[in-house]
Structures are given as C-alpha cells and as structure tokens.
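Let me begin by presenting the structure, written as structure tokens, before commenting on it.
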Amino acid sequence: MIVVKTRVELQEKLSRVADDCVVGFVPTMGALHNGHCSLIDFAVKESDYTVASIFVNPTQFNDANDLENYPRTIESDLELLKQHGCDLVYIPNVDDVYYNERSFFVDLNGLDKVMEGEFRPGHFDGVVDVVSRLFDIVKPDKAFFGEKDFQQLSIIRYMSRDLNVDVVGCPTVRENDGLAMSSRNMLLEKSYRDEASVIYKSLNWAKDNYKGFAVSELKEEIGKRISETGKFIVEYINVVESDTLISIDEWTDNNVNCCVAVYAGKVRLIDNIKLNY
Ligand code: AMP
C-alpha cells in the first residue's frame, strides 16, 4: 500500500495506473472502524484500484471542541487499510487540500437545509467543498459513502450528478448490540455506551410498527423510547422522503427514512433506518 501526503505525489502515483482502470475512492476522517473497512471492501470489489483519504476536514465542523476532540488513530488506520486491500492512501494537511479558491458551488435544492443542516449550520458547505476538492484531486470513477450518514449520501449523490463520479451507497455497519459504528463511539463514557443500543432498537421498533401510527405519533413514540433511559437528549427525529429529504406528515408510497440525532452527554450520535423499503 502506497501512502502519500501531497496531491502532487498522489497524482504522480495515479498517473502510473492504467487509463482503463476503474479507480474507486473512499474519503474518510480516520479513526477507522469496521464501517469504514466495509467501504474499502466494496471499493476493492467494485474497482480496479482503491484510493482512501484520511483528512479531518476543519470546514465541516461547526464546533471547535468537536474538531479538537475528534479521534485520531493514524497508525491503526493504516494497518486496517492495508489489511483490507487498499492500494493508495492520501493523508494531506489542510493546505494541500485548500490550496486554491473554492471553485465549486452548487444549489443543493434544499437537501442541506433540514436535519443536520438545520442543527449544524455550515456543515454541508464544508462537506460539499471538501468532497468536490477531493474528487478533483483523485478524479475517481466511483466513490463509496456510508448510508449511516444518510443526508450526506443524498447530498453527495446530488452534487455529483454532473461530475462523472458514480456514487455508491453502502449499508450501515453496526456493533453487536445494534449501535451504528462511528468514530465518535470511542468518545462515549461507559454509562452512555452501555445504553446506546436503545437508538437502533427504537428505530427498528419503528420499522416494524410504523403502520399502526400516524407519522407524528411514531416520532413521539421513538423519542419516548430513546429518552426513557434518562441518558440521551434527542435533537431531532424526522421521517423524510428518501430522495428529497422532505419531512412527511402523512404516510406515502414513496420510500421514507426515519433519521435521528441524539446527544449522549457531549457526544452527538446520528442514525437512520429505511422504514418502508
Ligand atoms: P467519516 O470518517 O465519519 O467521515 O466517514 C467516512 C465514510 O464512512 C462516510 O461515507 C461514512 O458514511 C462512512 N461510515 C461511517 N460509519 C459507518 C458505518 N457504521 N457503516 C457504514 N459506513 C460508515
């Protein structure tokens, strides 16, 4: 596995890859876990040459403490990437990515205004900026993103319509008790970690039972279940059309997801489930 720190080195290595090779790309912020590894596995399976990046992107953090406390485990990250068959890893510093003025602006058709966009102002501007920069540097044919970050996946799909990158969504990988894997889980105090499976259990309950409830009642019931432990503060629970991310008040035949954000102490966790598909 080749490790490079600059885009110049990266492009030099990629110039040696045959033109007809399908380049698959997995952007990450490091602190890798099995969720990230599954994206690498998909990339290795569905492309000829797999590139990963590890870059904690400052522009997508709207909270300086969150950025400072974000876990960094570079040695074990590299070991995992190697084990899973990644060919090349790009570990840039901020200047290497933000070397020029932003050139990519896209109207996200409101996808960035709800849920994470509402509670983390500016977050998706940062995500779109960094992903478009990384796409521009790596020039992948395919890019792999997790369904765990459901809204992010929708936004990246939308922004990539004209970019000639095939965006592939990969299923959420979970801990044995159902908690969605996340780099932030390692920041959870034990008492929160012990109870955190209630988030997925409540979403799963919703998937099994949504037909018996009005949308607003369902959201209320999920909130009750998550809050019952006395440990978690719910930031939002939304039921949205999967394509448009528009909140629904009445059930529809269109695909819908239920998305939640929850504070476990100072750690913010998100998760979602497909309800009717
Ligand atoms: P991050 O390092 O948190 O920016 O995540 C990098 C990529 O890994 C994103 O596409 C995430 O959606 C994806 N990812 C994070 N956690 C999981 C998970 N538990 N299952 C599947 N993909 C994940």
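Since every read-out is calculated from the coordinates, none of them should be taken as a lab result. Just so it is clear, the structure is predicted and the values come from calculations on it, not from any experiment. Ideal geometry is used to build each Cβ from the backbone, glycine not excepted, and the neighbour counts take in all protein chains shown.
The spacing between the range 61-115 and the range 217-266, judged by their C-alpha centroids, is 27 Å. Converting phi to 3J(HN,Hα) with the Karplus coefficients 6.51, -1.76 and 1.60 and the offset θ = phi - 60°, the range 50-61 yields 10, 10, 10, 10, 10, 8, 7, 7, x, 6, 9, 9 Hz in sequence order, with x at every glycine or proline. Of the two radii for the range 2-170, the radius of gyration is 0.93 times the Kirkwood radius, both from the alpha carbons; that is the Rg over Rh value. By how many degrees, 0 to 90 and rounded to 10, does the Cα axis of helix 74-83 deviate from the longest principal axis of the chain? It is inclined by approximately 80 degrees. Here, the range 1-80 has an Rg and a Dmax of 14.2, 44 Å when only alpha carbons are counted.
From least to most packed, judged by other beta carbons within 10 angstrom and beginning with the fewest, Ser183, Ser197, Ser216, Ser15 follow the order Ser15, Ser216, Ser197, Ser183. Would you list which lysines come within 16 Å of Lys274, measuring only between C-alpha atoms, while excluding same-chain residues fewer than 8 positions from it? Candidates past the 8-residue exclusion: Lys148, Lys201, Lys207, Lys211, Lys219.
Quick one: if the Förster radius is 30 Å, what FRET efficiency do Asn62 and Arg161 give, using the C-beta to C-beta distance and rounding to 0.05? With R0 = 30 Å, the Cβ-Cβ based efficiency is 0.70. In the range 100-252, one over the average inverse separation of all distinct C-alpha pairs is 17.5 Å, which is the Kirkwood hydrodynamic radius.
In order along the range 63-70, the phi-based Karplus estimate (6.51 cos²θ - 1.76 cosθ + 1.60, θ = phi - 60°) of 3J(HN,Hα) comes to 9, 4, 5, 4, 5, 5, 8, 4 Hz; Gly and Pro are listed as x. The calculated FRET efficiency for the pair Ser191 and Asp19, based on their C-beta separation and a Förster distance of 45 Å, comes to about 0.25.
Projecting the Cα positions of Gln152, Ser202, Pro121 onto the charge dipole of the chain (unit charges on Cβ atoms of Lys, Arg, Asp and Glu, taken about the Cα centre) puts Ser202 furthest along the positive direction. Close amide H partners of Lys5, meaning residues 5 or more places away or on another chain with modelled amide H under 5 Å apart, are Ile91.
When a/c is below 1.5 the answer is rounded, else prolate if a/b is larger than b/c, else oblate, so apply that to the range 166-235 with a ≥ b ≥ c taken from the square roots of the Cα gyration tensor eigenvalues. Because a/c hits 1.5 or more and a/b fails to exceed b/c, the range 166-235 counts as oblate.
In the range 183-274, the convex hull through the Cα atoms has an average projected area of 5.9 nm², a quarter of its surface area. Listed by chain and number, the lysines whose C-alpha is less than 17 Å from the C-alpha of Lys139, apart from same-chain residues fewer than 8 away, are Lys5, Lys13.
When the Cα atoms of the range 74-120 are aligned to their principal axes, the ranges along those axes come out at 39, 28, 17 Å in descending order. For the residues Ala214, Ala206, Ala31, a GNM of the chain with alpha-carbon springs under 10 Å puts the largest fluctuation on Ala214. Against the main long axis of the alpha-carbon atoms of the chain, helix 215-227 sits at an angle near 80°. Adding -39500 (n - 2.57) for every DSSP H run of four residues or longer, then dividing by how many residues the chain holds, sets the calculated 222 nm ellipticity at -10500 deg cm²/dmol. Counted residue by residue at 0.36 nm each, then reduced by the alpha carbon distance between them, the extension gain from Met1 to Asn255 reaches 87.4 nm. Report the charge-dipole magnitude of the range 116-243 in Debye, nearest 20, computed about the Cα centre from +1 at each Lys and Arg Cβ and -1 at each Asp and Glu Cβ. Here the range 116-243 has a charge dipole of around 260 debye. Seen against the Cα atoms of the chain and their longest principal axis, helix 150-159 is set at about 50 degrees.
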